[in-house]
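The structure under discussion appears below in the form of structure tokens.
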Amino acid sequence: MKRVEVKLNLEAVAPLLDAIKEAADDLRPELAVAAAPPPDGEPEFAEGWKRELLENQNSDIGVFLALFDREFFTTGVLPLDANNSEAILRACAAVRLRLHAKHLAALSDEAMESGEVAIDELPEAQRRAFAAYAFLATLQELIVQHLDPTVME
């Protein structure tokens, strides 16, 4: 099984984890994106469907947050492999959506995706949220480049 270990600077990443964990906690009771149930579904089916989506989202976020355990804070290494890559991709996407909705909505999508944001001019909370957003985007890019979950070994 292909495995990638990403060595991170703990001093740089630790402050971002507060913003990431806050966004993850915000997502616990609700989906990152409002999901409309299939049109032919009955109300009971729709409720169960949304509940299952939320459980899956929370599970993915749990897999992601588990990367930042005691060993991470000792070594600074994030172990990524085919077993956790899809869940981490989905968790990063959900957390990025929440960071955007809660802290970064005033910034244009184009500026955020290009990284052309005057970060020094942002208030502290928005600066941290943007840095966390960019970190998660970079992590997603690494996974896609090195652990494409659609490719079977």
- Message: Take the residues in the range 32-57 that are surrounded by fewer than 16 Cβ atoms within 10 Å (Cβ to Cβ) and under 15 Å from the mean Cα position of the chain (by Cα); name whichever of them is farthest from V77 (Cα to Cα).
- Response: V33
- Item | Within the range 104-152, tally of residues that are closer than 18 Å to E86 by Cα and more than 18 Å from the chain's Cα centre (by Cα) | 3
- Item | Of all residues making up the range 79-88, the number that are outside any helix (DSSP H, G or I), surrounded by 19 or more Cβ atoms within 10 Å (Cβ to Cβ) and either modelled with pLDDT of 95 or more or not aliphatic (A, V, I, L, M) (or both) | 1
- Item | Residue among A14, A24 that alone is at negative phi and surrounded by 15 or more Cβ atoms within 10 Å (Cβ to Cβ) | A24
- Query: What tally of residues in the range 66-77 results from selecting those that are in a loop (DSSP other than H, G, I, E, B) and aromatic (F, W, Y)?
  - Reply: 1
- Meets criteria (of a type in the set (D, E, K, R), surrounded by 11 or more Cβ atoms within 10 Å (Cβ to Cβ) and within 16 Å of I20 (Cβ to Cβ)) for D60: yes
- Message: Here's a check for you: in the range 92-132, which residue that is charged (D, E, K, R) and closer than 25 Å to I61 by Cα is most open to solvent (accessible area, probe 1.4 Å)?
- Response: E113
- Task: Give A19, A82, A24, A93 a once-over and let me know the one that is more than 20 Å from A132 (Cα to Cα), in contact (Cβ under 8 Å) with a residue 12 or more places away in the chain and out of contact with any Cys (no Cβ under 6 Å at 6 or more places or on another chain).
- Result: A82
- Note on the structure: Per the list (1) under 19 Å from N84 (Cβ atoms); (2) part of a helix (DSSP H, G or I); (3) of a type in the set (A, V, I, L, M, F, W, C); (4) more than 14 Å from the chain's Cα centre (by Cα), residue check on V63 breaks on (4)
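The values are calculated or read from the model by the stated rules, or taken from the named source; none is laboratory data. This is a predicted model, so every value here is computed, not measured. Cβ sites come from the backbone with ideal geometry, for glycine too, and all protein chains shown count toward neighbours. These accessible areas exclude ligands, DNA and RNA; they are computed on the full protein's heavy atoms, side chains included. Shrake-Rupley method; radii C 1.70, N 1.55, O 1.52, S 1.80 Å.
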